Amino acid sequence: MTYNPAIAIFFWVLGIAIKKVDTMVRVIPLSVHIGAQIDNVDISRPLQPQEVQDIRAALLKWKVIFFRDQNLDHQKQINFARNFGELTPGHVVFGGDDQYPEIYSVAKFRAANSNPTTPALRPWSGWHTDITAAINPPSASILRGDIVPPYGGDTQWTNLAAAYNALSSALQCFLEGLKGRHSFPTKYGEFVDSNMIISNHPLVRVHPETGERVLYVSPGFLKSIVGLAPQESIKIQEMLWEHAVRPEFTIRFKWEPGSVAFWDNRSTAHLAPRDIYDVDFERQFYRVTLVGDVPVGVDGQPSESIEGDMIVSV
């Protein structure tokens, strides 16, 4: 068979193209408004710039992204997170790991879950955006499953930009001029008393990267709407919380060993599972968070710190 240089070059270029396709990050949407699975990337190793760019783009679009079958330890989780920003201490109130201060242990019976009473459960009970009591809440959170129950223990997220967009224009305009006061729940007792954090954030914040308007109403931290009478405040809060967690805005994730969730804390709220307390299964996860910016409202006005310092990097 006669050697043909043109054919040889064609197959050489084809091979490069196939190899490039095989190494591309794959984004698989999981619902209409929120959530995507990221395939074809090993986040335990150093990432290429294009991989970081693709993962960030998926995060901004889908709000929470999931990785399966990852082999992470504390240091590898920290290394992965540093591709996307500076890391905060593990938790501004409850602290972090002695050796790895960026790591926060999300254990089944951690201090944040200690509550001697059983409050009345509402549709929005337990939903929250991480650490919105701070003047600059974390921009993102990365959670890995270490000890994962064989069943149960799912986590849910909701898209707060989609929730804002679904409001009437009249209600949007009304909310854009208001701020909400965020603080830690009093059930944390001495932990909070020794490190009080209170901030006023716009009820509608503008996402600093996408420009989206976000209904910023973390049920776990929002205590009142500034300037409204108490009865007005609670009624509007409850209406907004119920709206924000409507099923069509949400996704529910089933954890497996090696699963990792990475969510945009500026445009989501999430719900930790309660069913794990009905079984004897252990559940041990680990979280890191990225330093965030000070939220800014539609009117260009930033949040106000009432008490407590900014969250800074470790």
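The values are calculated or read from the model by the stated rules, or taken from the named source; none is laboratory data. This is a predicted model, so every value here is computed, not measured. Counting neighbours? That spans all protein chains shown, and the Cβs are built from the backbone with ideal geometry, glycine included. For accessibility, only protein heavy atoms count, side chains too; no ligands or nucleic acids. Shrake-Rupley method; radii C 1.70, N 1.55, O 1.52, S 1.80 Å.
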Let me spell out the model: positive unit charges on the Cβ of Lys and Arg, negative unit charges on the Cβ of Asp and Glu, origin at the Cα centre of the stretch 47-102. What dipole size does that give, in debye rounded to 20? 340
On a 0 to 90 degree scale, rounded to 10, what angle separates helix 49-62 from the longest Cα axis of the chain? 40
Which percent of Cα pairs goes in each bin when the distances of the chain are cut into 10 angstrom slices starting at zero? 6, 26, 34, 21, 7, 3, 2, 1, 0
For Arg122 paired with Lys76, estimate the spin-label separation in nm (one decimal), with each label point 7 Å from Cα along the Cα-to-Cβ line. 4.2
In Å², rounded to a whole number, the accessible area per residue of the stretch 226-314 with probe 1.4 Å is 48
Note: Glu282 to Asn40 extended length (0.36 nm per residue) minus current alpha-carbon separation gives 84.2 nm
Quantify, in whole percent, the carbon and sulfur part of the accessible surface of the chain (1.4 Å probe; protein heavy atoms only). 55
Inter-site label distance for Cys173 and Tyr151 at 7 Å from Cα along Cβ, in nm: 5.2
Highest-first arrangement of 262-272, 287-297, 125-135, where packing means the average Cβ count within 10 Å: 262-272, 125-135, 287-297
Taking the Cα centre of the chain as origin and charging only Cβ (+1 Lys, Arg; -1 Asp, Glu), how large is the dipole, in debye to the nearest 20? 560
Alpha-carbon centroids, the stretch 138-162 and the stretch 21-59: separation in whole Å: 17
